[in-house]
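Here the structure is laid out as structure tokens; the discussion comes afterwards.
The values are calculated or read from the model by the stated rules, or taken from the named source; none is laboratory data. Quick caveat, the model's predicted, so the values are computed rather than measured. Here the Cβ positions follow ideal geometry from the backbone for every residue, glycine too, while neighbour counts run over all protein chains shown.
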Amino acid sequence: MKEAPRWKRATGWVDLRGRREGGLAFLLMRLTGIGLVIYLFIHLYVLRLLAQGPEAWDAFIAMAKSPFFLALDGLLILGILYHALNGVRVTLLGLGIGVPHQARLFWGVVSLTLLATAIAVYAIFAITG
Amino acid sequence: MPTWQLRLLRGRPGSSPRLETYPVELPAEAYLIDAVEKIWAEQDRSLLFRHACHHASCGACGVRVNGRERLMCITPLREFSPDRPIRVEPLRHFPWLGDLLVDVSPMMRRMAEVGFAIIRRDELTADRPLPEGIEQGTRFEDCIECGLCLSACPVMAADEDYLGPATLAAIERMRSEPRDRDAARLLALADDPHGAWRCHSAMECTAVCPSNVDPASAIGRLRRWLIAEKLRRWFGGGR
Amino acid sequence: MWIWQAFTGLLLLILLTLHMVFNHFVVEGGLRTYRDVVAYLSHPVVFAWEILFLVVVTAHALMGVRAIVLDLGIGPGTDRWLKRGLTLLGIVIIGYGVWLSWWIRSKGI
Amino acid sequence: MSYHVIVIGAGSTGAATAHDLALRGFRVTVVERGEVASGTSGRNHCLLHSGGRYAMRDPESARECIEENMILRRIMPEALELNDGLFVALDEQDLSFKERFLAACEECGIPAREIPVKQALALEPHLNPNILAAVQVPDGVFEPFRFCLSFLATAKHNGATILTYTEVVDFVFQGRTVAGVRVRDRRTGEERVIGGDIVVNAAGPWSGKIAAMAGVDVPVVPTAGVMISVGRRWNRMVINRLNMPGDGDIIVPQRRTAIIGTTSWRVEDPDFIPIPEDHVRLLLDRAERFIPGYTRGGIRGVFAVARPLVGRRGVAADGRELSRTFECFDHAVDGVEGFVTITGGKMTTARAMAEKAVDVVCAKLGLEIPCRTREVPLLSYRAFF
């Protein structure tokens with residue numbers, strides 16, 4: 001069904017106009033997914049410091065305990081939790097389970113994500129602080 | 001009688017479309033299709049829009065109302081406020097022919113490929129005695145092929161080869177009651193990267209469906225069946 | 001493809017939880033020092049599941065990337081090249097990860 | 001033979017006429033100003049008449065209905081729900097019609113039989129439990145849009161050209177003979193002339209306006225009716241009131257909905273019909289008598305459309321009094337050659353109307369080609385696209 005130019009088709013899923021919970025959940029799933037892939041690459045790249053010996057790694061660890069990095073960790077946990085919990089939701093829905101409750105499930109996922117992230121962030125700052 | 005402000009997408013292919021406002025005087029009990037038909041009858045005869053049955057049976061009058069897919073004939077004006085314009089645009093993911101008109105033939109050809117008859121066994125009569133001369137109660141399929149689900153689907157936005165919610169739901173209907181159809185060929189069609197597996201469960205198809213089809217659940221059932229088939233082939237395939 | 005994405009996703013729920021718990025939660029200060037990492041990876045079971053985690057997370061991530069790239073409306077030919085490219089990338093990533101873990105582990109033994 | 005016939009209107013009559021013409025080997029062009037079935041045909045009550053409704057007052061129409069009903073079952077099963085109909089007596093007056101009704105049905109060849117009230121209520125559990133009698137007839141339900149598309153798909157397959165969103169703006173004459181039509185493509189705004197040997201006017205309630213363009217008069221009386229669809233299928237069969245046809249006396253089920261209709265009043269301009277509020281109240285009130293709690297499924301849509309009833313000399317133009325049979329006018333009698341109007345009738349009788357119109361076309365051209373539309377099964381409506 002040719003209609004839109006390629007760039008428009010490529011970004012069609014970003015267009016939230018007229019969409020509801022399900023569309024929003026899908027968009028967030030993709031955005032967190034892309035974010036986590038980028039993180040994975042960075043993470044693996046950073047781990048190379050381990051190969052350079054104790055000094056390089058422990059210096060990095062010290063830096064990673066700065067409040068700025070810890071805040072980034074909070075963001076990471078937010079992304080992971082959403083992606084994981086919504087992943088469970090999408091797997092069930094994808095098998096036709098719980099479709100009538102999909103919007104409520106989405107808000108459940110969001111609340112749980114926010115709650116768990118809040119706890120995790122608190123814990124991170126408590127441990128390192 | 002209130003005056004409603006309709007903002008209709010106007011234009012023809014080849015020129016850039018624009019939104020134009022039309023005031024329409026109608027009672028709050030009227031429907032959006034009445035407002036658009038009245039604009040055509042009294043203000044601008046060049047307005048292109050599809051409509052036929054005016055009671056959600058033909059599926060012709062699908063548009064986007066304030067961004068959301070609706071059938072104009074069952075969208076009551078009382079849902080809106082006369083102070084705020086009602087934006088009406090054509091469906092997405094179909095070739096645009098002008099104003100609110102799109103070409104639905106790509107979808108229809110895909111549905112024709114599935115070829116399920118529009119008549120089904122009537123579940124209401126399953127447990128009841130039937131009048132003499134009638135062996136089996138029949139009624140129409142729920143799907144009215146309006147294309148709202150295709151317009152709302154974010155995967156459809158990107159993948160023009162995606163079978164789409166309506167077609168997948170039709171395949172699932174056919175699977176659950178194959179009658180004389182070639183089920184194997186259709187299930188092969190669904191078991192494809194552009195078939196049932198392409199769905200990302202954004203659930204918008206079911207959210208906009210005006211006719212109780214629930215394509216999202218149908219796709220889920222279809223997947224469960226395809227997975228069970230695969231497992232059967234891998235493990236119990238000997239028989 | 002969808003099945004594998006869902007399956008690896010569910011595996012990740014377990015593996016990532018383990019990864020997070022053992023690398024960050026039970027560790028004093030939340031992050032392992034060099035010495036800790038070396039000691040941690042020298043345990044064979046730990047080493048095995050971290051490698052499994054690496055493989056699964058890479059597969060899940062790259063299948064996700066393909067799902068998104070498919071939306072660019074690529075044809076079957078491009079898709080074939082995409083699959084080959086992503087597989088190669090996956091092998092490189094996993095190779096790198098295994099080599100790195102092995103190297104670190106060797107420091108402890 | 002390469003006679004070219006232009007059909008104006010892609011409603012049920014135009015669609016069936018195009019099919020018949022194409023099947024008899026004519027070159028056919030259909031021009032329709034909007035979507036297929038966007039006029040009267042689309043906004044139909046969707047009732048496949050058994051003829052029972054007209055058996056007492058209008059036996060000619062009733063006979064046409066039952067005959068066509070049986071033909072449509074053969075040629076377009078895909079666009080029909082075969083679920084039968086019930087005529088129910090709600091009060092003593094209705095009951096007094098029962099014997100007359102059964103006799104009239106017999107007279108018209110409509111297979112009607114009385115069933116015990118208990119059985120009727122078992123079949124239709126939502127029906128008013130106080131009904132006094134029930135008669136079962138072979139009514140059915142059709143899909144108006146797909147009904148027209150099936151005819152057009154088959155016509156197209158047999159070589160017809162269907163031009164939607166193409167409006168007739170004028171007639172082209174050679175002397176006193178119609179030689180074609182001037183049309184405007186509503187998508188581009190361009191006008192052009194389509195030449196033809198015969199023009200068939202199948203514009204339903206608009207056929208008077210079309211005829212006027214050619215300078216002739218067609219006594220069509222646009223008679224509007226209101227229908228209301230609710231979000232629940234209360235009845236399996238079509239429920240009719242056992243009485244003379246009146247307002248709000250039929251509930252037609254379709255998919256998971258039910259439609260109550262209809263009313264009747266004369267309108268001047270069928271392009272836009274404002275819905276009288278009192279008609280809506282009346283219909284809902286009447287529906288409640290058949291099925292208590294009718295609106296509990298929620299009102300889904302309210303719509304009105306004009307029927308193309310044919311006025312006759314000496315008959316007062318009140319809609320219910322006009323016959324529901326159809327008329328074919330050869331305008332040669334009005335001094336205009338090459339122009340035929342087919343109007344009146346019911347959607348159920350569209351095929352018969354087409355047969356009549358094409359017979360007239362053949363006679364005008366001095367041809368003798370038999371009609372085959374009774375036997376030839378139609379293609380799926382999807383073949384139209």
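Screening segment D:229-254 for residues that are hydrophobic (A, V, I, L, M, F, W, C) and within 18 Å of the chain's Cα centre (by Cα) and picking the one that is surrounded by the fewest Cβ atoms within 10 Å (Cβ to Cβ) gives D:ILE250. Evaluating D:ILE8 against the criteria (1) over 20 Å from D:ARG182 (Cα atoms); (2) surrounded by 24 or more Cβ atoms within 10 Å (Cβ to Cβ) leaves one unmet condition, (1).
If you go through segment C:63-78 and keep only what is at the interface with another protein chain (Cβ under 7 Å from one of its Cβ atoms) and either of a type in the set (Lys, Arg) or under 18 Å from the mean Cα position of the chain (by Cα) (or both), you end up with C:GLY64, C:VAL65.
Looking at this structure, is B:GLY59 surrounded by 17 or more Cβ atoms within 10 Å (Cβ to Cβ) and in contact with a strand residue (DSSP E or B) (Cβ under 9 Å, 6 or more places away or on another chain)?
For B:GLY59, the condition - surrounded by 17 or more Cβ atoms within 10 Å (Cβ to Cβ) and in contact with a strand residue (DSSP E or B) (Cβ under 9 Å, 6 or more places away or on another chain) - is met.
All but one of (1) at the interface with another protein chain (Cβ under 9 Å from one of its Cβ atoms); (2) assigned to a helix (DSSP H, G or I); (3) surrounded by fewer than 16 Cβ atoms within 10 Å (Cβ to Cβ) hold for B:GLY220; which doesn't? Tallying (1) at the interface with another protein chain (Cβ under 9 Å from one of its Cβ atoms); (2) assigned to a helix (DSSP H, G or I); (3) surrounded by fewer than 16 Cβ atoms within 10 Å (Cβ to Cβ), B:GLY220 fails exactly one: (3). No other residue among D:ILE228, D:ILE210 is within 22 Å of B:HIS51 (Cβ to Cβ), at pLDDT 95 or above and more than 13 Å from every other protein chain (Cβ to nearest Cβ) apart from D:ILE210.
Residues that are among the hydrophobic types (A, V, I, L, M, F, W, C), in contact with a helix residue (DSSP H, G or I) (Cβ under 7 Å, 6 or more places away or on another chain) and over 22 Å from D:TYR54 (Cα atoms), at least 2 per element: which strands (runs of 3 or more DSSP E) completely within segment D:231-272 meet that? Break it down stepwise before answering.
Numbers: elements: D:238-241, D:250-254, D:257-261.
In segment D:231-272, no matching strands (runs of 3 or more DSSP E) lie anywhere.
The set of residues in segment D:162-182 being within 14 Å of chain B (Cβ to nearest Cβ) and not polar (S, T, N, Q) consists of D:ILE162, D:LEU163, D:TYR165, D:GLU167, D:VAL168, D:VAL169.
Does D:LEU23 satisfy being more than 14 Å from chain B (Cβ to nearest Cβ) and buried (at least 19 other Cβ atoms within 10 Å of the Cβ)? Explain how you work it out, then say what you get.
Numbers: more than 14 Å from chain B (Cβ to nearest Cβ): yes; buried (at least 19 other Cβ atoms within 10 Å of the Cβ): yes.
Taking the combined requirement at face value, the residue satisfies it.
For the condition hydroxyl-bearing (Ser, Thr, Tyr), touching a residue at least 12 places away in the same chain (Cβ under 8 Å) and more than 14 Å from chain B (Cβ to nearest Cβ), what is the one hit in C:TYR96, C:TYR34, C:TYR40? Sole residue among the options that is hydroxyl-bearing (Ser, Thr, Tyr), touching a residue at least 12 places away in the same chain (Cβ under 8 Å) and more than 14 Å from chain B (Cβ to nearest Cβ): C:TYR40.
Here is a yes/no grid of residues against (1) closer than 17 Å to B:PRO210 by Cβ; (2) within 16 Å of the chain's Cα centre (by Cα); (3) part of a loop (DSSP other than H, G, I, E, B):
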residue: B:ILE33; (1), (2), (3): yes, no, no
residue: B:ARG50; (1), (2), (3): yes, yes, yes
residue: B:PRO82; (1), (2), (3): no, no, yes
residue: B:VAL88; (1), (2), (3): yes, no, no
residue: B:ARG92; (1), (2), (3): yes, yes, yes
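Of all residues in segment A:102-111, none are surrounded by 19 or more Cβ atoms within 10 Å (Cβ to Cβ) and among the small types (Gly, Ala, Ser). Among (1) within 26 Å of D:GLY196 (Cβ to Cβ); (2) within 17 Å of the chain's Cα centre (by Cα), which single condition is D:ALA62 missing? Condition not satisfied by D:ALA62: (1).
Residues of segment D:150-171 that are over 21 Å from D:ALA383 (Cβ atoms) and either in a loop (DSSP other than H, G, I, E, B) or touching a Lys or Arg at 6+ places or on another chain (Cβ under 6 Å) (or both): D:GLU167, D:VAL169, D:ASP170. Output yes when any residue across segment D:162-181 is at pLDDT 95 or above and basic (Lys, Arg), and no when none is. No, every residue in segment D:162-181 fails to be at pLDDT 95 or above and basic (Lys, Arg).
Please specify each residue of segment C:27-57 satisfying the condition of being of a type in the set (Ser, Thr, Tyr) and either within 16 Å of A:TRP57 (Cα to Cα) or crowded, with 18+ Cβ neighbours inside 10 Å (or both). Lay out the reasoning, then the answer.
At the first step, the residues of segment C:27-57 found to be of a type in the set (Ser, Thr, Tyr) are C:33-34, C:40, C:42.
Within segment C:27-57, C:THR33, C:TYR34, C:TYR40 meet the criteria.
Tell me which residues, restricted to segment B:80-106, are modelled with pLDDT under 95, surrounded by 19 or more Cβ atoms within 10 Å (Cβ to Cβ) and out of contact with any Pro (no Cβ under 8 Å at 6 or more places or on another chain). Listed by number, the residues that qualify are B:ARG92, B:HIS93.
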